[in-house]
Amino acid sequence: MQPEPPSRRSTGLRRAGLAALGAAGLSACAADAPQDTWAPAGEEAQRIHDLQWPIFMIAGIVGVIVLVFITLTVVKYRDRGQPIPEQTHGKAWLEYLFIALPAVLLASIAVPTVATVIALNDTDDADCVINVTGQQWWWEYDYPVAADGSICGFTPTGEPAPIVTSGQMVIPVDAKVVIRGTSRDVIHSFWVPKLNGKRDMVPGRVHTWNFHAERPGIFAGQCAEFCGLSHANMRMEIVALGDADFQTWLDNQLEPYQAPEPGTLAATGEQTFISQCSRCHQIDGLTDADGDLVVSAPEQWVWSGAAPNLTNFMTRNTFAGATWDLLTEQCRVDVWEASPADFGERYLAGVDDSCLNEIDLKEWLRNAPAKKPMYADPELLEETDNKVRGMPNLALSEDQIDELVAYLLERK
């Protein structure tokens with residue numbers, strides 16, 4: 001005997017239950033997502049959160065009401081062979097009601113939306129100003145020195161100087177940070193969901209945007225405007241540190257260059273860096289055999305005219321546009337999941353040989369375009385005046401790669 005098929009009601013209940021379980025599962029996943037728009041960690045993100053909840057709720061209620069009316073109409077008036085109903089002009093009061101209700105609803109949404117947009121664009125009383133430049137496919141962060149010699153409101157222990165870094169932007173906790181953003185090539189969009197919404201970075205323009213982090217930690221972001229072949233690999237991270245830890249980070253970034261011990265693998269790597277990498281990548285304070293400063297000239301080789309500054313490279317946790325971690329998986333977990341009280345110490349420890357993600361770093365040095373899609377093909381150079389987009393394949397030997405890794409490990 002064939003089993004009796006389930007009723008339509010039981011099938012509907014089962015589907016509804018599965019949908020509810022699926023929604024719960026998605027919510028659980030989102031709760032742990034590094035780019036979660038529903039988990040604000042700063043004032044600006046909280047404003048967006050407070051605005052979107054009632055709007056989504058109103059939209060959900062309206063959607064349910066419309067769906068119910070459509071369902072009732074389809075069921076009640078479906079064609080059963082009955083005569084066509086008498087045609088009438090309609091009811092004016094109902095038409096006016098259907099005009100007035102959406103107008104009132106949209107007005108009730110528009111007022112708080114405009115107020116929120118104005119508040120998000122308020123750049124008065126900034127504690128920290130950082131210049132952000134997008135390019136294919138990474139972000140550059142430039143910390144200017146204020147007139148009083150401070151950087152982000154903190155006075156360096158040594159001689160103040162602008163700090164240029166990439167991948168991770170370090171900010172003080174509870175500081176009002178204003179970024180001044182632009183682009184060197186195409187339109188990019190800066191988006192760190194837990195701290196604020198999106199802001200386009202447009203060539204030839206400077207756009208300001210605010211950030212505030214209420215606790216120490218790392219907040220992941222993503223370029224939100226399609227910008228070419230490796231758009232999906234153009235990421236960013238904002239690192240928030242307590243005041244004492246930010247001061248430590250600041251002083252460390254400005255420490256004078258320390259050359260490797262002579263005769264070491266790192267010392268050989270320094271020469272390899274000068275001969276192979278310094279055309280595009282800058283390391284502040286690096287000198288050649290004659291004692292002259294080595295100054296990069298990426299404008300001669302790269303279409304955007306810039307390449308990441310690698311000074312204090314191992315104080316960061318990521319490389320190649322924050323696409324890969326410099327830390328091994330376990331060491332990354334130790335930093336990302338550290339308590340607010342322990343986070344600063346673990347982040348400031350940087351990357352050493354016991355935690356280095358050597359596999360990805362060496363693969364990058366071995367053949368960068370194969371690891372991250374970029375317009376670095378020699379056949380395409382005619383379109384860009386013989387300048388590359390992204391890092392080309394330098395055809396380094398395995399010995400040279402080992403030398404460079406040893407040298408970079410000391411850049412912290």
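Every number here is computed from the coordinates shown, using simple stated rules; none is lab data. As the structure is a computational prediction, the values presented were derived from the model and not from experiment. When we count neighbours, we look across all protein chains shown, and the Cβ atoms used for this are built from the backbone with ideal geometry, even at glycine.
Before moving on, here are some points about what is shown:
- Cross-chain or 6+ apart pairs with Cβ under 8 Å, segment 340-363 first and β-branched (Val, Ile, Thr), then in a loop (DSSP other than H, G, I, E, B): VAL351/ARG316; VAL351/ASN317; VAL351/LEU326; VAL351/LYS412
- Qualifying residue in segment 270-286 (condition: outside any loop (DSSP other than H, G, I, E, B) and within 29 Å of SER339 (Cα to Cα)): no
- Test for ASP36: is it more than 32 Å from the chain's Cα centre (by Cα), among the acidic types (Asp, Glu) and not in a helix (DSSP H, G or I): no
- Close Cβ contacts (under 6 Å, 6 or more residues apart or on different chains) running from residues in segment 122-137 that are within 20 Å of VAL164 (Cα to Cα) to residues that are part of a loop (DSSP other than H, G, I, E, B) and polar (S, T, N, Q) comprise GLN135/SER304; TRP137/SER230.
- Residue match in segment 276-283 (condition: more than 15 Å from the chain's Cα centre (by Cα), over 19 Å from ALA320 (Cβ atoms) and either crowded, with 18+ Cβ neighbours inside 10 Å or of a type in the set (Gly, Ala, Ser) (or both)): no
- Comparison of VAL132, VAL177 shows that the only residue that is touching an Asp or Glu at 6+ places or on another chain (Cβ under 8 Å), closer than 30 Å to PHE56 by Cα, of a type in the set (Val, Ile, Thr) and surrounded by 19 or more Cβ atoms within 10 Å (Cβ to Cβ) is VAL177.
- Each residue in segment 188-221 was checked for being outside any strand (DSSP E or B), touching a Phe, Trp or Tyr at 6+ places or on another chain (Cβ under 9 Å) and β-branched (Val, Ile, Thr), and 1 of them qualify.
- Within segment 139-164, the residues that satisfy the criterion of being over 20 Å from HIS207 (Cβ atoms) and not in a loop (DSSP other than H, G, I, E, B) are ILE151, PHE154, ILE163.
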